[in-house]
Amino acid sequence: QVQLVESGGGLVQPGGSLRVSCVVSGMIFSINTMGWYRQAPGKQRELVADITRGGTTNYADSVKGRFTISRDNAKNTVYLQMNSLKPEDTATYYCDAQIITLDTMRMRDYWGQGAQVTVSS
């Protein structure tokens with residue numbers, strides 16, 4: 001079994017900062033690309049940022065220059081540092097990872113349970 005556990009969401013004022021983290025545990029052989037998606041009420045889930053095992057990053061245009069994704073491969077953890085937050089960043093943020101597990105040796109996507117981020121004054 002594989003688990004992705006997110007932490008670090010919360011309420012922040014516009015212009016503020018938050019960092020969300022996602023720790024992967026379980027029967028892991030390797031973790032490839034890791035990413036963060038978000039879903040606001042009434043909207044589709046969208047990619048925020050992702051990062052390859054080697055550290056190549058990709059960002060949605062709406063967060064470029066404000067958010068930074070990083071990972072610690074030794075800790076099986078991915079982070080999303082969010083600065084200059086805006087009300088439109090309010091959403092549930094989901095961690096995603098492409099994982100090869102020891103039992104199947106096949107890669108598939110795994111998702112976290114979501115972390116709520118609310119930007120409001």
(request) Keeping to segment 1-16, report how many residues are part of a loop (DSSP other than H, G, I, E, B), at pLDDT 95 or above and either open to solvent by 40 Å² or more (accessible area, probe 1.4 Å) or within 29 Å of MET105 (Cα to Cα) (or both). (result) 3
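Could you go through segment 83-98 and let me know if any residue there is polar (S, T, N, Q) and surrounded by fewer than 13 Cβ atoms within 10 Å (Cβ to Cβ).
We begin by selecting, within segment 83-98, every residue polar (S, T, N, Q); these are 83-84, 90, 92, 98.
Still in the list and also surrounded by fewer than 13 Cβ atoms within 10 Å (Cβ to Cβ): none.
No, segment 83-98 contains no residue that is polar (S, T, N, Q) and surrounded by fewer than 13 Cβ atoms within 10 Å (Cβ to Cβ).
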(request) Would you mind telling me which numbered condition in (1) over 23 Å from GLY15 (Cβ atoms); (2) in contact (Cβ under 8 Å) with a residue 40 or more places away in the chain GLN44 fails? (result) (2)
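Looking only at residues in segment 17-30 that are of a type in the set (S, T, N, Q) and assigned to a strand (DSSP E or B), which one is surrounded by the most Cβ atoms within 10 Å (Cβ to Cβ)? It would help to see each step written out before you state the result.
In the first step, residues of segment 17-30 are kept if they are of a type in the set (S, T, N, Q); the result is 17, 21, 25, 30.
With the extra rule that they be assigned to a strand (DSSP E or B), the set shrinks to 21, 25, 30.
Numbers: SER21: 18, SER25: 12, SER30: 13.
Here the residue is SER21.
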(request) Any residue in segment 100-120 that's of a type in the set (Lys, Arg): show its pairings with residues that are assigned to a strand (DSSP E or B) at Cβ separation under 9 Å, as long as the two are six or more apart or on different chains. (result) ARG106/ILE100; ARG108/GLN98; ARG108/ILE99; ARG108/ILE100; ARG108/THR101
(message) Checking SER70 against (1) open to solvent by less than 10 Å² (accessible area, probe 1.4 Å); (2) closer than 23 Å to GLY16 by Cα: exactly one of these is not met. Which one?
(response) (1)
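The values are calculated or read from the model by the stated rules, or taken from the named source; none is laboratory data. This structure is a prediction, so every number in the text was calculated from the model and none was measured. Every residue, glycine among them, receives a Cβ derived from its backbone with ideal geometry; neighbour counts consider all protein chains shown. All accessible areas refer to the heavy atoms of the entire protein, side chains included, with ligands and DNA or RNA removed. Shrake-Rupley method; radii C 1.70, N 1.55, O 1.52, S 1.80 Å.
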